[in-house]
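Asks: Please see the structure below; I have some questions.
Computed from the coordinates by the stated procedures, all read-outs in this text should not be read as laboratory data. From a predicted model like this one, the values you see are computed outputs, not experimental measurements. Every residue, glycine among them, receives a Cβ derived from its backbone with ideal geometry; neighbour counts consider all protein chains shown.
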Amino acid sequence: MKNIVLLFISSFLIMTATAQSSVYDFTVNDINGEKLELSKFKGKKLLIVNTASECGFTPQYEDLQALYKEYNGKLEIIGFPANNFGGQEPGSDSDIKSFCQKNYGVEFTMASKVSVKGDDIHPLFKYLTELENESFTGDIKWNFEKFLIDENGKLIARYRSMTNPTSDKITGLL
């Protein structure tokens, strides 16, 4: 009985800590392998996107870059390359960085390649996909899903791949 109570208390504390967290509690690696504390983006909106170089949605890099330039100073964007869907991000961080700069002139932050679903899901994406919000919760379904975070690190809205980064659904909240 004592073990069951301790397990319950431990589970409750973990759930409580998660409920009080924000994206600012996470540190990730950028595409150059350097630590990137998301708390550095406090006071700005943040758009987190799982990306891939060989996807039908890959041209959204161009729209993400346009959004980044238009809202520079108010919005930060972080692309998280992931190879979870159809093997559409097979390259190394170096390959991905080169591809993004050469083909789309990407200036916004790119993170190191991560997993965005499954047993090896990155903790940030586990957190984001489980957060209650007005849009929806649950697993990421494909590349270029988007998470819009407010200036205080809280999830405002979530968008599936079909939502273009420059759509009114997103820009209306910036």
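Asks: Inspect all residues belonging to region 49-61 and state whether any of them is over 16 Å from Phe99 (Cβ atoms) and among the aliphatic types (A, V, I, L, M). First the steps, then the outcome.
Replies: If we filter region 49-61 for residues that are over 16 Å from Phe99 (Cβ atoms), which is where we start, we get none.
No, because not a single residue in region 49-61 is over 16 Å from Phe99 (Cβ atoms) and among the aliphatic types (A, V, I, L, M).
Asks: Restrict the check to region 156-171 and report whether at least one residue is of a type in the set (Asp, Glu) and surrounded by 13 or more Cβ atoms within 10 Å (Cβ to Cβ).
Replies: Checked against the condition, which is being of a type in the set (Asp, Glu) and surrounded by 13 or more Cβ atoms within 10 Å (Cβ to Cβ), region 156-171 yields no hits at all.
Asks: Using beta carbons and a limit of 7 Å, which pairs, at least six apart or on different chains, have the first residue in region 161-174 and more than 10 Å from Leu148 (Cβ to Cβ) and the second one in a loop (DSSP other than H, G, I, E, B)?
Replies: Ser161/Phe57; Ser161/Trp142; Ser161/Asn143; Ser161/Phe144; Ser161/Glu145
Asks: Starting from residues that are of a type outside the set (A, V, I, L, M, F, W, C) and under 17 Å from the mean Cα position of the chain (by Cα), keep the ones in region 63-73 and report whichever is nearest to Leu38 (Cα to Cα).
Replies: Tyr68
Asks: Here's a follow-up. Pick from Thr137, Thr129: which is within 19 Å of Phe26 (Cβ to Cβ), under 16 Å from the mean Cα position of the chain (by Cα) and not in a loop (DSSP other than H, G, I, E, B)?
Replies: Thr129
Asks: Which of the strands (runs of 3 or more DSSP E) found entirely inside region 27-119 contain at least 3 residues meeting this: touching an Asp or Glu at 6+ places or on another chain (Cβ under 8 Å) and surrounded by fewer than 21 Cβ atoms within 10 Å (Cβ to Cβ)?
Replies: Correct list: empty, since no element meets the threshold.
Asks: For region 74-87, give me each residue that is over 14 Å from Leu174 (Cα atoms) and under 17 Å from the mean Cα position of the chain (by Cα).
Replies: The answer is Ile78, Gly79, Phe80, Pro81, Ala82, Asn83, Asn84, Phe85.
Asks: A follow-up question, please. Conditions first: (1) touching a Phe, Trp or Tyr at 6+ places or on another chain (Cβ under 6 Å); (2) among the small types (Gly, Ala, Ser); (3) outside any loop (DSSP other than H, G, I, E, B). Ala157 passes all but one, so which condition is the exception?
Replies: The number of the failed condition is (1).
Asks: Filter region 129-142 for residues that are among the hydrophobic types (A, V, I, L, M, F, W, C) and either under 20 Å from Gln88 (Cβ atoms) or without any contact (Cβ under 8 Å) to a residue 12 or more places away in the chain (or both) and give the result.
Replies: Those that are among the hydrophobic types (A, V, I, L, M, F, W, C) and either under 20 Å from Gln88 (Cβ atoms) or without any contact (Cβ under 8 Å) to a residue 12 or more places away in the chain (or both): Ile140, Trp142.
Asks: Can I ask one more? If you go through region 121-155 one residue at a time, how many are closer than 20 Å to Ser53 by Cβ and either surrounded by fewer than 19 Cβ atoms within 10 Å (Cβ to Cβ) or among the basic types (Lys, Arg) (or both)?
Replies: Number of matching residues: 3.
Asks: Quick check on region 67-77. Is at least one of its residues more than 20 Å from Lys40 (Cβ to Cβ) and in contact with a Gly (Cβ under 7 Å, 6 or more places away or on another chain)?
Replies: no
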